[in-house]
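**Q** There's a structure below that I have some questions on.
Throughout, read-outs are computed from the coordinates displayed, never taken from laboratory work. Only a predicted model underlies this, so the values are computations on that prediction, with no experimental measurement involved. When we count neighbours, we look across all protein chains shown, and the Cβ atoms used for this are built from the backbone with ideal geometry, even at glycine.
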Amino acid sequence: MRNKPDFHPSAPGGTHYLHGLRVASELPLPGLASGASGAADVRIGWGRVPAGLQGRPFQGFKFEAVPGQLLIRTLRIADILVQSGRTMAIQPRPDAREGEIRMLVLGWGLAALLLQRGLLPLHGSALDTGSGCVLFCGRSGAGKSTLAAACLDRGLGLLDDNLAVVRLEAGRAAVHPGVPEIRLCPDAVARLGRPAGMARADSPGEEKVLLDARGQFCRGPVPLRGIYVLERGEGPRTEVAALGPAGAAAALWRHVFRRPFVAGLDAAAPLFATILHLARSVPVRRVRWAGALPPPQAMAAQLEQDWQSLGSPHGY
Amino acid sequence: MATDPLARIVRKAPQAIAGPIDDTLVILNLEAEGAYHHLNRTGRRVWELMDGGPTLTGICGALTREFAVDPAACAADVSAFVDRLVERKVAILEPSAPA
């Protein structure tokens, strides 16, 4: 790529499988499934990005967008230009750390790229129950990752901890594997016991730690069995309630990853069509509790009892 | 001279997005997190008739032709329904077009 910024990655890049895409990346992406053959669907590389987009772009918090292009601008980490769902150009800041750049690329950058490709990125953890995938969606701090780690302790497989990308394939919903790690707050680590393979997160000032889940990582797509939306509410117990299609559609819309990007990319209509399809065809449950997050092992057990009542999706 | 309220023009708000679920309709206000509206079959038909920015009179005329409804009752119901959509910011009412 021309006009590369002066940045020295820790290792050579490579080609990886990520959410059903073959990704060729100059930025090292350790831990991702590698060796994808065939032409790359997505290219991530170093490059200079423009100061702004042409025309009259939609202006958001730390980003601007026109259909087909989204420019992320951060003061400390990097500017990233995402184009047509196919390329990401990264212009790092002088003191940016590689781990911070990776988080931005695999978070905001990937969200923009997936939306440009017409895919549905939900903010949630995706786990394989052995007979279909369940998603735990919720705001940051809702307990998704803690619950995901508790589910791994029960023998489930991990598809992703932060970004659940739902694809409709022949009219059926499925989730492809993403990143094989879980980020946990220190208090969540304490509540879960002491999971093996803990490592310090690779960003300074980052309190969260990484749980390496490669030993329980799914390698292929898994049909979607059910979606759980985690919300703080009132009442003495954890309550699990089925949402009707309209309520399910609204709940899923609330948990689109980086939802502010949608308006700038003019992606609302196709995204909503996918959400309506899910709301009609996949069970969506609301999970509410009062106060602090209940013991994750107990919540995982309660939800497992619930999803076992859902039945298996097609293909199982 | 008083303006006939049924002569007002109603349009779908740009921040509203709608999609069908069976014979009902879900409308989201993209600018109001969590706000959604679930319209029954009749409400869905009114929403469909709002394409192109008709007057309330025009919507009532179409409904009375399609359904066996009293015109006066239809006018009252449609006015109230559209007012609720406007309150929830998924529809916009404009003054009637000049003669």
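**Q** For B:R45, work out the one condition from (1) more than 11 Å from chain A (Cβ to nearest Cβ); (2) buried (at least 17 other Cβ atoms within 10 Å of the Cβ); (3) touching a helix residue (DSSP H, G or I) at 6+ places or on another chain (Cβ under 6 Å) it doesn't fulfil.
**A** Status for B:R45: all satisfied but (3).
**Q** Mind checking which residues of the range A:251-277 are of a type in the set (A, V, I, L, M), more than 19 Å from A:W108 (Cβ to Cβ) and crowded, with 21+ Cβ neighbours inside 10 Å?
**A** A:A251, A:L252, A:I275, A:L276
**Q** Could you say whether any residue in the range A:44-57 is part of a strand (DSSP E or B), touching a helix residue (DSSP H, G or I) at 6+ places or on another chain (Cβ under 9 Å) and more than 17 Å from A:L114 (Cα to Cα)?
**A** No; the residues of the range A:44-57 include none that is part of a strand (DSSP E or B), touching a helix residue (DSSP H, G or I) at 6+ places or on another chain (Cβ under 9 Å) and more than 17 Å from A:L114 (Cα to Cα).
**Q** Conditions first: (1) in contact (Cβ under 8 Å) with a residue 60 or more places away in the chain; (2) crowded, with 18+ Cβ neighbours inside 10 Å. B:P95 passes all but one, so which condition is the exception?
**A** The number of the failed condition is (2).
**Q** I'm trying to understand the selection: among the residues of the range B:48-90, which are charged (D, E, K, R) and within 14 Å of another protein chain (Cβ to nearest Cβ)?
**A** Matches in the range B:48-90: B:R88 only.
**Q** Six or more apart or on different chains, Cβ under 7 Å: which pairs go from a residue in the range B:35-49 that's over 16 Å from B:A16 (Cβ atoms) to one that's among the polar types (S, T, N, Q)? Could you list them?
**A** B:N40/B:T24; B:R41/B:T24
**Q** Ok, one more. For the range A:225-316, which helices (runs of 4 or more DSSP H) that fit wholly inside it have 1 or more residues that are within 14 Å of chain B (Cβ to nearest Cβ) and without any contact (Cβ under 8 Å) to a residue 24 or more places away in the chain?
**A** Answer list for the range A:225-316: A:245-254, A:268-281.
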